[in-house]
Amino acid sequence: MRPLSDEELLERLKGLESDRVEFEASFKGSAPDSVREAVCAFANDLPGTGKPGVVFVGANDDGTPAAGFAASDELLRQLADIKTDGNIVPPPVILVEKRCLVGA
């Protein structure tokens, strides 16, 4: 899987949530389950787009940066663990990256 360029990510960040884009302001509360559901939906690709899905953790629903959000190493590990935690079978292909795109 090829990583998306900053330009490709910014294009998705400026749009609305869709079957290929999910925004989460944090990774607390129900957010881990929401992210897991999005990853599962992206992996199934029911619309048949063949395009990767993107979860922006640290972005509000309008794509703006979430106040007070910090992408820690622990958060990156938790996101990467979604692949192997046994909740999505077969395990999806996941690329977890820390990127500073807007206002960070």
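Laboratory data are not the source of any read-out in this text; all were calculated from the coordinates shown. Source: prediction; values computed, not measured. FYI the Cβ positions are ideal-geometry reconstructions off the backbone, even for glycines, and counts take in every protein chain you see.
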Quiz item: Can you tell me the Rg and Dmax of the chain, counting just the alpha carbons, in angstroms?
Solution: 13.0, 36
Quiz item: Can you give the charge dipole size of the chain about its Cα centre, rounded to the nearest 20 debye, using +1 on the beta carbon of Lys and Arg and -1 on the beta carbon of Asp and Glu?
Solution: 200
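Could you line up Leu46, Leu79, Leu95 from fewest to most neighbouring Cβ atoms inside 10 Å?
Leu46, Leu95, Leu79
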Quiz prompt | Gly58 long-range amide H proximity, modeled H, under 5 Å | solution = Glu24, Ala25, Ser26
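Using a cut-off of 13 Å between beta-carbons, work out the net charge of the residues near Val21 (Lys and Arg +1, Asp and Glu -1, Val21 not included).
Cβ neighbours under 13 Å give a net charge of -4.
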Practice problem: Run down the lysines and flag those whose C-alpha is under 21 Å from the C-alpha of Lys83, throwing out any fewer than 8 positions away in its chain. | Solution: Lys28, Lys51, Lys98
